[in-house]
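Step one of this worksheet: look at the structure below.
The values are calculated or read from the model by the stated rules, or taken from the named source; none is laboratory data. On a predicted model such as this, the values are computed, not experimentally measured, just so you know. Note that each Cβ is placed from the backbone with ideal geometry, even for glycine, and that neighbours are counted across all protein chains shown. Areas reflect the complete protein model, heavy atoms only, side chains present, ligands, DNA and RNA absent. Shrake-Rupley method; radii C 1.70, N 1.55, O 1.52, S 1.80 Å.
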Amino acid sequence: STQRHGENLEVVMFVLRRSVRPQSAAATAAARLFSSSTAAPQRTALYDLHVELKGKIVDFAGWSLPVQYAEGVLKSHLHTRTNASVFDVSHMGQIRLFGRDRLDFLEKLVVADLQGTKANEAKLSVLTNAKGGIIDDCVITNMGEHVYMVVNAGCKDKDIQHMREQLVQYVARGQKDVTMEVWEGRSLLALQGPDASKVLQRLVVNEDLTRMPFMHARPMQVAGMERDTVYVSRCGYTGEDGFEISVPDSKAVEFARQLLSQPEVLPAGLGARDSLRLEAGLCLYGHDLNEDITPVEAALSWTIGKRRRETATDFPGADIILNQLKNGATKQRVGLFVEGAPAREGVELLSTDGAKIGVVTSGTFSPVLKKPIAMGYVDKKFAKVGTPILASVRGKEQKAEITKMPFVPARYYKPAL
């Protein structure tokens, strides 16, 4: 559930905040905090490899995943910014939709202009509810003959149930041709960092990755795997260039070993993934996004396609979202620089005269900027960049300032013209 997802991340971040302590202390803290888990977490196909590589395993969104490796979170974070790291993101949900009306159906659920996507083009979008709130954020790719969709692990079950319910209603309204497949038996590996393209190029056959833009995907023959069994998406959640590669579970360990055998590549865990995405100004569902926050409030208006703004009223909550686009929302997601101790999730944000104006939803110490950063929501009138505010950290009011995001410039790849 989303709640469990949130609780687990708090424990993950407990370990992350203490990763500068001796490794044994971080491991002991993790073991103590996770010993009370009631349901046995699921394991990805790479679980044994994580253990072999001395990954510190935690329960995250119902999955056993590494929060860090022997190198620690800080080194993993900086290595991703300078070289390349491989992350196991197999806990994410992979879905495929087939049939003539697949794009029309999805546009009844999300805010993106999918009819306007070209073959192999991917878009970040959000599933919305009747209030305009965000059910989940997802990446949707037009694979030509079908749609490939990746959803968050903590939302996977509710997303699938929601989509199946909506599909029954959609088909019942007329002669509609759509089928939905939850793509099981798949692993998903994220290769991220400025060396990612160079590394992957060594393993692909008859492909020139310099011609592949960010947010595009296609099947490829990779590392001896058949072309139609591997999807390579040029995307990621670190702010760096990179790829997410979907492979059969049976091939995942061998492929991961091939990636890790490259001199530029180290393994990375959940701790570095979280600090990297926060430096990149990217949201984490269950923290920065939820079912009571609209895409306009979340500063995700750019995900709402031009055609959908002008003509669409058929995605859930369209009336509320389109009204906010026209007239503005009462609160807005913003970036923050904070003086003193890092402002973590739940920290109250105050005006300079002490009135409560918002809350922090994510916060950490930036390894690149070497200072605390955070994101959160504030009343609209305080959202202008440069506005001085206060953060109430453990009972102490610390100076803070609204800033632009991303905190660290994104380096998404665009082919040379």
Query - Hey, Leu284 open to solvent by 10 Å² or more (accessible area, probe 1.4 Å), in contact with a Cys (Cβ under 8 Å, 6 or more places away or on another chain), of a type outside the set (Phe, Trp, Tyr) and in contact (Cβ under 8 Å) with a residue 12 or more places away in the chain or not - result: no
Query raised in the report: Any idea which of (1) of a type in the set (Gly, Ala, Ser); (2) over 28 Å from Leu46 (Cβ atoms); (3) surrounded by fewer than 20 Cβ atoms within 10 Å (Cβ to Cβ) is the one Gly72 doesn't satisfy?
Result: (2)
**Report entry** Close pairs (8 angstrom Cβ cut-off, 6 or more residues apart or separate chains): in contact (Cβ under 8 Å) with a residue 12 or more places away in the chain in region 80-98, in a strand (DSSP E or B) and of a type in the set (Lys, Arg) anywhere
**Finding:** Ser90/Arg186; Gln94/Arg186
Requested in this report: Would you tally the residues in region 276-316 being more than 12 Å from the chain's Cα centre (by Cα), farther than 14 Å from Asp136 by Cβ and small (Gly, Ala, Ser)?
Outcome: 4
Report summary line: From the option list Gly346, Gly354, single residue qualifying as open to solvent by less than 60 Å² (accessible area, probe 1.4 Å), more than 21 Å from Lys404 (Cα to Cα), out of contact with any Phe, Trp or Tyr (no Cβ under 9 Å at 6 or more places or on another chain) and at pLDDT 95 or above is Gly354
Query raised in the report: If you check Thr82, Thr38, which single one turns out to be modelled with pLDDT under 95, more than 18 Å from the chain's Cα centre (by Cα) and either open to solvent by 50 Å² or more (accessible area, probe 1.4 Å) or more than 23 Å from Val408 (Cβ to Cβ) (or both)?
Result: Thr38
Report task. Specify the residue that is least open to solvent (accessible area, probe 1.4 Å); the eligible residues are those in region 172-196 that are over 21 Å from Tyr148 (Cβ atoms) and in contact with a helix residue (DSSP H, G or I) (Cβ under 9 Å, 6 or more places away or on another chain). Result -> Gly193
Query raised in the report: What number of residues within region 112-171 satisfy the criterion of being acidic (Asp, Glu), under 28 Å from Ala61 (Cα atoms), in contact with a strand residue (DSSP E or B) (Cβ under 9 Å, 6 or more places away or on another chain) and surrounded by fewer than 20 Cβ atoms within 10 Å (Cβ to Cβ)?
Result: 1
Report task. Return yes or no: is Phe255 under 14 Å from the mean Cα position of the chain (by Cα), within 16 Å of Ser187 (Cβ to Cβ) and touching a residue at least 40 places away in the same chain (Cβ under 8 Å)? Result -> no
Query raised in the report: Out of (1) surrounded by fewer than 21 Cβ atoms within 10 Å (Cβ to Cβ); (2) among the aromatic types (Phe, Trp, Tyr); (3) in a helix (DSSP H, G or I), the odd one out for Phe255 is which?
Result: (1)
Report summary line: Output for Cβ contacts, cut-off 9 Å, separation at least six or different chains, first residue in contact (Cβ under 8 Å) with a residue 60 or more places away in the chain and closer than 22 Å to Leu167 by Cα in region 307-322, second of a type in the set (Gly, Ala, Ser) and in a helix (DSSP H, G or I), reads Arg308/Ala318; Ala312/Ala318
Query raised in the report: Which of the residues that make up region 201-252 are charged (D, E, K, R) and open to solvent by 50 Å² or more (accessible area, probe 1.4 Å)?
Result: Arg202, Asp208, Arg211, Arg218, Glu226, Arg227, Asp228, Asp249, Lys251
Requested in this report: Sort out which residues of region 41-66 are within 19 Å of Asn152 (Cα to Cα), open to solvent by 40 Å² or more (accessible area, probe 1.4 Å) and in a strand (DSSP E or B), and write them in order of number.
Outcome: Gln42, Arg43
Requested in this report: Among what's in region 302-315 and is of a type outside the set (D, E, K, R) and open to solvent by less than 30 Å² (accessible area, probe 1.4 Å), pick the residue that is modelled with the lowest pLDDT.
Outcome: Ala312
Report task. Kindly provide the set of residues from region 159-196 that are free of Cβ contacts under 8 Å to residues at least 24 places away in the same chain and of a type outside the set (A, V, I, L, M, F, W, C), ordered by number. Result -> Gln161, Arg164, Glu165, Gln169, Arg173, Gly174, Gln175, Glu184
Query raised in the report: Which residues, counting only those in region 351-393, are in a loop (DSSP other than H, G, I, E, B) and either charged (D, E, K, R) or touching a residue at least 60 places away in the same chain (Cβ under 8 Å) (or both)?
Result: Asp353, Pro367, Val368, Leu369, Lys370, Lys384
